[in-house]
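The values are calculated or read from the model by the stated rules, or taken from the named source; none is laboratory data. Values in this document were obtained by computation on a predicted structure and should not be read as measured data. Ideal geometry is used to build each Cβ from the backbone, glycine not excepted, and the neighbour counts take in all protein chains shown. Remember, those area values only see protein heavy atoms, side chains included, never the ligands or the DNA or RNA. Shrake-Rupley method; radii C 1.70, N 1.55, O 1.52, S 1.80 Å.
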Amino acid sequence: MARMSAVNIFLRVAIPSPLRRCFDYLPPTAYDLHTLQPGIRLKVPFGRTTVIAVLLAISNETDVPRSRLKRVSEVLDTTPLLSRPLLKLLMWSSNYYQHPVGEVMGNALPALLRQGHAPELKGEPAWQLTNDGRALDSSILKQTQHRAPRQAALLKLLSAAPDTAVSAQYINAVQSNWRPVMRKLIDKGWVVVTEHSCLLPLPVNKLTTAPQLNIAQTEAIAAIAAGLGSFGVHLVDGVTGSGKTEVYLALIESVLARGQQVLILVPEIGLTPQLVSRFQQRFTVPIAVLHSGLSNRERLCTWLAARSGEAAIVIGTRSAVFTPFAKLGLMILDEEHDTSFKQQEGFRYSARDVAIKRAHLDDLPVVLGSATPSLETLHNAHQGRYSRLVLAKRAGAARPPDINVLDVRKQPMSDGLSTALINALRRHLDKGGQALVFLNRRGYAPTMLCHDCGWVAKCRRCDANMTMFNGNTRLRCHHCGSERRADSCCPDCQSSELRPVGAGTERLEAVLKQQFPDTGIVRIDRDTTRRKGAMQNLLDSVHDGSKRILVGTQMLAKGHHFPDVTLVGIVDIDQGLFSADFRATERMAQLLVQVAGRAGRAEKPGQVLIQTHHPDHPLLQILLHEGYAAFAQAALEERRQTQLAPHSHMALLRAEAVDERLPLQFLKHARQLAEQLGAAFSANFGESRVQLLGPIPAPMERRAGRIRAQLLLQATERAALHHLLEPWLQQLESDKLGRKVRWSIDVDPQEMF
Ligand code: ADP
Ligand code: ZN
Ligand code: ZN
C-alpha cells in the first residue's frame, strides 16, 4: 500500500462557511492515499476552531504559500460519503446559484454527519404488538386490567399505534421501570422487540391494485417507460383528477422491476398522509419519507437507507433532491409549478432545476407533473427540450366542473360574501353536498381603520398594515411576525370607531356561521393547523361529513380529495390580477385552476363560482373560456414581448441594512463594478450583454426594521449572465461597503422583492 510523504499533495476542501471559495490543506502526517477520495469528511483547523470539511479534490498545486498551509487533523471516513456524481451535482449547484460551496455541501448532509457522527446507526430496540397481541379480546384485556394493571397500561400504549414500533424513550415518558413488565408481555407472545426504523412498515400484501388505465394514461406511461435508463425530461400535463398519480405509480412499478430506486418530490403542503398511504398501499417495498418534522436520527437513518439501496422509494420535499441513492432509476416531481420547490433564503436553489441537472448527470429520466405547468416548463416543452404528455380528461366517472364568474361590482356583500354566493352555498348544502370557500388571506381582516379620521394600524417595523386576528382583538404583521393587542381607540383622534376592513378566512368563517348556524364549518389555514395532527383532524371532520363547509387558504388547493364537495366559491382573486410582480397572474391562474379542481372529483358534478370586481380582465377571460393552456400561451406571448423570464434569464441582487442609505449606495457601487466587468466581457458576448436594471427600493422598502433595495440583472443568453456573476460576486464579497449590508444573490428569482 502506498504510504507517501506529504510532498506536493494538497487537499482542496469545502468548509462550512459563508465564503465563496474552497480551501487548501496539507494531508495529515500519516495517511493512506486510497482513503483520500473526494467525498470523504476531514477534520481541519479553521480560524481558532476545528471544523468538519468535505474533500473536493486532490491537487499537486496550490496558490497558497506553503508556510501558510495548515494540516488536516483527522480523516473521518474510509469511503466517500458523497458519490462522485452527487459531488458533481453539488459543485454545479454551488456554481449555478453562486452559493458558498461549504454551505451547499451542508445541505446534502444530515446534521449528525455534519457534526462528525459515523455514517451508521445502531438500531434502537422498539416494541410492537404481535398479531396475537392485536387480536386480544376484551375479556382477556379486562382480566389483565384487573390482575396486572401495569401490563394493561403497556398494552394500551402499544395498541394506540398498532403498526408502529414504540421506542424506549417514548415508553419511559409513560411508565417507569417498565422493562420487567414488558418482558412478561413478550413471554405471553403479545409483544415483540424489533428495531426502530425510519422506513414505513411493510404491508404484507398489496392493498390496492391499479384501475384499468385509459388510453391517455397508457400512452404517457409507454412514452416515459421507453426512456428508462437514459436522460429525458417528461412533462405530464394533466388536468386535476386526470390520473397523473396513476401514471407515476405504473412507472414506479417498472423501475422497481428493474431493481432501481425512485425519488418522488412533492410540494411542502402536498406531503400528506393520504398521498403517502396511496404509495404504501400499492407497493410492498420499503418506503422512506423525508420532511422537516424528522429528528436528526431519523434523518440520518433515511439518508443511509436511500444510500444503501434499502429504501426502494423515497418521498420528500425540496431538500430530498440531494439524497444519495445506490441505484436511482427515476425522479418524479409532482405539482412542478409549486413555488415551494424554490428555496427562498440562504441557498436559493430550485429543486426542480436541480433534479433536471441530476437526471442529466446520472442519465435517467425525470417526470414533471402538473395540471397547471409553470410557464418556464411549458416554454421548454414548446422548444422541444422536454417531452409533453397530455391527459386532457378526468379519469373514471368524474366530470370537469362548471366555472362561472360572479361580477360583484355594486352587489350587496356581507363581509366579503356576495348574496349570489351565499344563495349558491345554500342550494348545494340543501342537496346534501359539501362546499369549499377559498380565500388566500388568513386572519380576521387585512386592515384596521379609524372610521373618523382614516388612521390605519401599521406595523412599526415594516411598510405594511397590521392584520387583525383573533376576532378583532389582536393585530399581527405577516411580514415580520410582530404582534400586539388591537388598539381600543384611535391613537390619532381618540375615536373608538376602529373597524376591520376587508376579510380574511377567520372573518369568513364567522359570517358563514351566522348564515348557516346549523351547518358544521371547518377552517383550514396556517393558524388552525399549526399543531401536529391538527390538519388531519380537520380533514377527517370533512371526510366523515360532520363538517360541510370548508373555509381555507391555498393549503386546500393541493392534493386533497374531497369527493362530496360540489361547490367551490373563490372569494377574491383581484389581488392576483394587479400586482407589481410579473408572475402574479401566472400564480393566480394556477391557484384558481387548482382550487376549482377540488370540485366534483367523484361522480357528483361540481360548480365553481369566482367573485371579482374585474370580470373583463383579458387573462381571466382566456383562462375561463379557453382553459389554462390557452392562458399560458397568452401569458408567454406577453413575457416574450416584455422580455421577461422565461424569455430572458434573471438574477436579483438584494441588499438590506438598518441604515437607510446603505443598501442603495452598495447596489449603485455593485452596478458600477458590473458595468466595468461587463465592458471587459462584451467582446465575448457581443449583443447579448447583461442588462442592469436599478437599483430600486424593494416594493416593501422597510421590513422588520431594515431598509431593502434590489438590482436586477437580465440577459438573453444564460452564459453571459453566469460569466458575469462569478467574478462580480467575488469582488462584492471582499468589498468594504459589502460588509456593512446584508446582501444575497438570487439566480432565477421567483419572487421579485
Ligand atoms: P391526479 O393525480 O391527476 O389528480 P389521480 O391519479 O389522483 O389524478 O386520479 C384521480 C382519481 O381517479 C383517483 O381516485 C384515481 O384512483 C382515479 N383514477 C385514476 N385513473 C383512473 C382510471 N383509469 N380509471 C378509473 N379511475 C381512475
Ligand atoms: Zn382616528
Ligand atoms: Zn412587520
## Note on the structure
Filtering the range 294-323 for residues that are out of contact with any Phe, Trp or Tyr (no Cβ under 6 Å at 6 or more places or on another chain) and open to solvent by 10 Å² or more (accessible area, probe 1.4 Å) leaves a count of 16
### Summary
Of the residues in the range 180-204, those that are open to solvent by 90 Å² or more (accessible area, probe 1.4 Å), at pLDDT below 90 and under 15 Å from P125 (Cα atoms) come to E195
### Message
Being surrounded by 18 or more Cβ atoms within 10 Å (Cβ to Cβ), touching a residue at least 12 places away in the same chain (Cβ under 8 Å) and within 24 Å of the chain's Cα centre (by Cα): is that true of L550 here?
### Response
yes
#### Entry: When residues of the range 686-734 are limited to those that are in a loop (DSSP other than H, G, I, E, B), touching a residue at least 24 places away in the same chain (Cβ under 8 Å) and within 21 Å of Q641 (Cβ to Cβ), the one farthest from ligand 1 (Cβ to nearest atom)
R689
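Every residue, every condition in (1) charged (D, E, K, R); (2) under 24 Å from F562 (Cβ atoms); (3) outside any helix (DSSP H, G or I), yes or no:
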residue	(1), (2), (3)
T208	no, yes, yes
P211	no, yes, yes
D237	yes, yes, yes
T240	no, yes, yes
V247	no, yes, no
V255	no, no, no
I264	no, yes, yes
### Summary
Pairing a residue in the range 478-500 that is under 17 Å from R441 (Cβ atoms) and open to solvent by 50 Å² or more (accessible area, probe 1.4 Å) with any residue that is within 16 Å of ligand 3 (Cβ to nearest atom) and hydroxyl-bearing (S, T, Y), where Cβ atoms lie under 6 Å and the two sit 6 or more apart in sequence or on different chains, gives H478/T467
### Message
On the basis of being open to solvent by 20 Å² or more (accessible area, probe 1.4 Å) and more than 27 Å from the chain's Cα centre (by Cα), does R147 make the cut?
### Response
yes
### Query
Given D540, D518, which one is more than 16 Å from ligand 3 (Cβ to nearest atom), part of a loop (DSSP other than H, G, I, E, B) and not hydrophobic (A, V, I, L, M, F, W, C)?
D518
### Query
Can you tell which of I707, I745 is out of contact with any Phe, Trp or Tyr (no Cβ under 7 Å at 6 or more places or on another chain) and over 18 Å from Q98 (Cβ atoms)?
I707
### Task
Tell me, please, whether a residue that is at positive phi, without any contact (Cβ under 8 Å) to a residue 12 or more places away in the chain, open to solvent by 30 Å² or more (accessible area, probe 1.4 Å) and not polar (S, T, N, Q) can be found in the range 661-672.
no
### Query
On the given criteria, is R461 of a type in the set (D, E, K, R), away from ligand 2 (no atom under 16 Å from the Cβ) and touching a Cys at 6+ places or on another chain (Cβ under 6 Å)?
yes
### Message
Condition check: within 29 Å of the chain's Cα centre (by Cα), open to solvent by 70 Å² or more (accessible area, probe 1.4 Å) and modelled with pLDDT of 90 or more. Does R742 satisfy that?
### Response
yes
### Query
Would it be correct to say that Q710 is of a type in the set (S, T, N, Q), within 25 Å of F582 (Cα to Cα), touching a Leu at 6+ places or on another chain (Cβ under 8 Å) and at pLDDT 90 or above?
yes
### Message
Restricting to the range 493-508, name every residue that is touching a strand residue (DSSP E or B) at 6+ places or on another chain (Cβ under 9 Å) and within 9 Å of ligand 2 (Cβ to nearest atom).
### Response
C493, S495, E497, L498
### Residue satisfying condition, being within 16 Å of ligand 3 (Cβ to nearest atom), assigned to a loop (DSSP other than H, G, I, E, B) and either of a type in the set (K, R) or in contact with a helix residue (DSSP H, G or I) (Cβ under 8 Å, 6 or more places away or on another chain) (or both), within set R531, R484, R460
R460
### Task
Taking A445 as meeting all but one of (1) buried (at least 17 other Cβ atoms within 10 Å of the Cβ); (2) free of Cβ contacts under 8 Å to residues at least 40 places away in the same chain, write down the number of the exception.
(2)
### Task
Working only within the range 10-50, note down all residues that are open to solvent by less than 30 Å² (accessible area, probe 1.4 Å), out of contact with any helix residue (DSSP H, G or I) (no Cβ under 8 Å at 6 or more places or on another chain) and hydrophobic (A, V, I, L, M, F, W, C).
F10, L11, V13, F23, L26, L36, I40, L42, V44
### Summary
Picked from the range 367-418 (must be of a type in the set (S, T, N, Q) and open to solvent by 10 Å² or more (accessible area, probe 1.4 Å)), the residue nearest to the chain's Cα centre (by Cα) is N380
### In the range 698-731, the residues that are open to solvent by 50 Å² or more (accessible area, probe 1.4 Å) and in contact with a His (Cβ under 6 Å, 6 or more places away or on another chain)
R703, R718
### Query
Counting only residues that are small (G, A, S) and under 19 Å from A223 (Cβ atoms), which one in the range 248-281 is surrounded by the fewest Cβ atoms within 10 Å (Cβ to Cβ)?
A257
### Task
Residues that are out of contact with any Phe, Trp or Tyr (no Cβ under 9 Å at 6 or more places or on another chain) and modelled with pLDDT of 95 or more: find the strands (runs of 3 or more DSSP E) completely inside the range 15-76 holding 3 or more of those.
49-59
